[in-house]
Amino acid sequence: METPNGPLLSLGLPVVPVREKRPLVAWAEWVDGGQKPEERERVFKYAAANGADLAIVCGHYVDERGYFFAIDCDLPYRDVLTRLRGDKRIITYLEKTPRGGLHIYYFSRRPVPSVKLKDVPVELKGRGALIIVSPSRGYEPLNSNRPKVVDDGLQLFIEFAEALGYDVHDYLAEESGETETDTGILGEWLRAIVEHLKRRNLLVGKGPNYYYVLCPFHEEKHPSFAINHQRYYGIDYHSGKVYKLLDLAKALGLELVAEVGEEDSRVTKEKRRTILSLVIPSGPVVLEAIGVPNGLGEYDPRLLVYGPDGFAVVENYRIGGDVITARPPRSYPYKPYVVESLEAKTRLEIIDLVHREVERFIDAEPEEKATFTAFIILSYVQECFDALPYLYLVGDNESGKSHLLNLMGELCYRPLAGVSHTAADLYSYLEDDGLPLTILEDEFQGSEKDSEKMKIYKSGYKKGARVARVVTYEGGRRVDYFNSYGLKMMAAERLVENKGFMQRCIVVEMMEGIPEKDHYDAEDYSRFARLRSELLKWRMRVLAGHESLPKLEPDWLRGRDRELYLPLLTVLHGSPIYHTLETFLRGRAEERRREREGSLEAAICRAVATLLSDGSGEIDFAELWIEIKNEVGGVEETDKNGVVRSMYSDTHGHISKRDVSAILKSKLGMARRETIRNGLHRVIYMPDWPKLLRAFKKYGVHTSITSFTSMLQSPTTENPAKTA
């Protein structure tokens, strides 16, 4: 079917049949997804058969020209054109309406909202709007121009309306309700909102009148929200809603203060901070955001306060001129804590309750159940440790790993739980500065391919760790830093191929079993809520210093094993399942030690120790190669020229001379130099004794260390690596 004869219809824009300005088909999906050729053809056939008019979907992204939009002017078109004679903004495609008004058509490089204001005869037809076009009845082209491409449709609309005598800024500000408030505090509020959006990586640019924002309420790749920084209001391009700053802040989970004093009606300014968790050193006092059920089936934000006088639930907490409030529950991705009793249980009582839930829902070995229990408890006191382990669950489908993660999501401290998190999800969640948060991720396999995401996971086991992220926006680029420290638990069908990351994990292989209960019901969720509140109160008592964690220093824990295992042992110490966990982790540590001592690095260490035991202070690589071959039972391999470049060992596979050289330099800290001896070219390696002795200790090389130590301590012995 041929396209009806209309200048705009030939552009391939989504078309909707209308009668008396009412659409006759569902069309919302065409705003973002566009319209397929067969859908357009059906629309044209329907309109022709039923005598319907044709309207174009505005706000749709077309191509490099940008977003199609229109200005609908309900004034006599001749008067408008006379008043704007010579104005280059009007040099675009124009149509006359049946009532003698004017439609002005453009493309905008920025997304465009729809704006319709009371008593203003100029309307912006942007996202989510329809506009009837020629050849519909009574709509006539006034020229043959193509729609002009402009930078910002919203700004053009405002300028166009002002040229006709309407201050759209004032109308928008009046609609938002901000005109009655002192502009001094509005500036403070605006700065708070802008900083919040920056931390969430949503602020993408600033124009003469607007901040342009990735909409915080919808998934959008392009700016679809604008905040006027001159008149203090925001516009949601999706809904056309105009926000005053207080309502916008509330929708973002950011509370601002606007209190009226008793002596006058002026708005007073107070510095307000909205928190999830906060420790105030003076006192000390610990604050946690909780929810209080209301009559609408939702939760009102409250603070649970723990101080010298015990627990209390309050709306806000004041410190001098500062007001601290709780983040609204709708602004975080987990169920709010609900506290019914202000009495607190002890750590050992809580361990027993958590372990009962693990026993009830998880079919695993006793030591694995103890480990899961420890991770849940540990999530509430992450700040008390310098490093944290990760839990990596691996297994086939139906092995119970997802079921366990669901239980973790119900009981762990403030978790972000989901499937295959993106880096953007994690960065948004980690914006709460200084607060360790729990990340639970299912379907983790393949995550090693996401370098941004792995930066968070690889760094986040160390207290104080922060990751940098480069954010690009219209004004340039900036680097933001996010706190990445926190407990992380993941489940996958296989292990990821990232050695550095896996060294931070305690891996548990899940097997299909028959737990006591394999589903959750309302009674379970109610019990989980009570247990979570007990865990939260225990956390607050620990952070306030009113309950101490045990001090442990097991003699079998060293290095990375200490970092990984000590936090888990600490939180379970004194409980009936402590020794089960200790036996399990001690076996893991011994297994890791055997792996280190059986590694190629350890074999090279032993060969180096043998050659240095004569006190020569240097190693000839040719002699070392022979010693390594004897150590690993290697068989030399030659290339096509008969030159030996590698050996093969049943234990270590193919070992090249390049591999050995790399280990000598990177793992043992030895320096390479070349020399001529007896007319032959030789490669010599010189030890850096402090580094070499640490390597000996790490890889379990105990023979002859005494003589090396005395050599290191001798005042006449120089470091050969530095003199070479």
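Here, each number is a calculation from the coordinates, and none is a lab measurement. These numbers come from a predicted model, not from an experiment. Every residue, glycine as well, gets a Cβ built from its backbone with ideal geometry; the counts of neighbours run over all protein chains shown.
Taking K and R as +1 and D and E as -1, what net charge do the other residues with C-beta under 14 Å from the C-beta of N294 add up to? My count for the surroundings of N294 gives -1.
Among 28-40, 226-238, the peptide with the highest mean count of other Cβ atoms within 10 Å heads the list, and the full ranking is 226-238, 28-40. From helices alone, the chain scores -10000 deg cm²/dmol at 222 nm; the rule is -39500 (n - 2.57) for each run of n ≥ 4 DSSP H residues, then divide by the residue total. Among S646, S108, the ranking by other beta carbons within 10 Å of each residue's beta carbon, starting with the fewest, stands as S646, S108.
Once Rg and the Kirkwood radius are both taken over the C-alpha atoms of the stretch 500-619, their ratio Rg/Rh works out to 1.16.
With contacts taken as Cα pairs under 8 Å at a separation of at least 6 residues, the stretch 540-592 carries a relative contact order of 31 percent.
Charging the Cβ of each Asp and Glu at -1 and of each Lys and Arg at +1, and nothing else, the dipole of the chain about its Cα centre rounds to 2100 debye.
Take every DSSP beta bridge whose two residues both sit in the chain; close to 80 percent of them are antiparallel. As an equivalent ellipsoid, the chain spans semi-axes of 62, 37, 26 angstrom, where each value is the square root of five times an eigenvalue of the C-alpha gyration tensor, largest first. Compared with the dominant principal axis of the Cα atoms in the chain, helix 578-597 is inclined by about 70°.
Taking packing as the residue-averaged number of other Cβ atoms within 10 angstrom, the listed peptides 110-117, 87-94 run from highest to lowest as 110-117, 87-94.
Angle, helix 559-572 long axis vs. longest principal axis of the chain, Cα atoms, 0 to 90°, nearest 10? In the chain, helix 559-572 runs at an angle near 70 degrees to the longest axis. The relative contact order of the chain, computed from alpha carbon pairs under 8 Å that lie at least 6 residues apart in sequence, is 8 percent. Ordered by the number of other Cβ atoms lying within 10 Å of each residue's own Cβ, fewest first, K551, K463 fall into the sequence K551, K463.
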